[in-house]
Amino acid sequence: MSETPPTEPDGPQPFRLDPDAAIGQAEGPPRPEPEPEIDTRRYRWMIGIFGLALLVAFSVYMFTSRGIQTTGVPAGKQLPRFVAPLAGSGLTGAANANPRCDPAHPNPQALNVCGRTPLVLGLFVTGSGECRREVDTLQALSRRFPAAKVQFAAVAVDASGARTESLVRSHHWTIPVAYDPDGRVGELYGVSICPMVELSYRGGVVADRLIGNHWLSVPALAARVRRLLAARP
């Protein structure tokens, strides 16, 4: 008796799970491969170099547009005269870069640079701590030298009267501190860096132009002031 081969059942066949596929399905879909990390150091360098180039270009533009070729007034040159309102005086407006010099009748509400006495003049910006220390140094020196022999004063370049007055009060400055709201004095003196101190003889001829943090030292600047008074040209 011959055996009849088994026949496939009618209808759809059951789906047979592959054991390996079943394990994968139990764990969920495959996770995507992580994207490689991008090294951003090269881009940071490029941004830094671009920023530096932009700063240099802006500085060159400012110097050429304002006509500033040097920093400060060098020794042997005449100190540019000006009258600027003192902080807290109530005066408003820009500095006068072509003033009338009347030594007999100085305006107590303004800083008038016209060479009446030897002068130690600091030019600073209010937003820099190092530059504010410049005025602290001038204030300390003013107690060491008689006011009749030498005048100590400062000008806040590109600063408002309110901001300058606030600094005068908080630092207890008693030397004349004027403000230069539109940068006219800063342009006149070629101010592009601070601390910067101009020392002039009686009559307004510059004896020394001192630039840098070294002159924040009271002893260092005091030695230059003594030399200024000893010269008496």
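Only the coordinates and a few stated rules stand behind these numbers; no lab work does. None of these values were measured; they are calculated from a predicted model. Here the Cβ is made from the backbone with ideal geometry for all residues, glycine too, and neighbour counts use every protein chain on show.
Overall, the anisotropy analysis places region 110-161 in the oblate class: the square-rooted eigenvalues a ≥ b ≥ c of its C-alpha gyration tensor yield a/c not less than 1.5, with a/b not exceeding b/c. The packing ranking, built from the mean of other Cβ atoms within 10 Å per residue, places the peptides 126-137, 153-164 in the order 153-164, 126-137, highest first. Counted by neighbouring Cβ atoms within 10 Å, the residues Leu91, Leu228, Leu167 run from fewest to most as Leu91, Leu167, Leu228. Let me know the shape class of region 69-170, please: from the alpha-carbon gyration tensor, a ≥ b ≥ c as square roots of the eigenvalues, rounded when a/c is under 1.5, otherwise prolate if a/b is greater than b/c, or oblate. It comes out rounded by the Cα gyration axes. Panel values: region 82-231, Kirkwood radius from alpha carbon pairs, Stokes-Einstein at 4 °C and 1.567 mPa s, translational diffusion coefficient 86 µm²/s. Ranked by how many other Cβ atoms sit within 10 Å of their own Cβ, fewest first, the residues Cys114, Cys101 fall in the order Cys101, Cys114.
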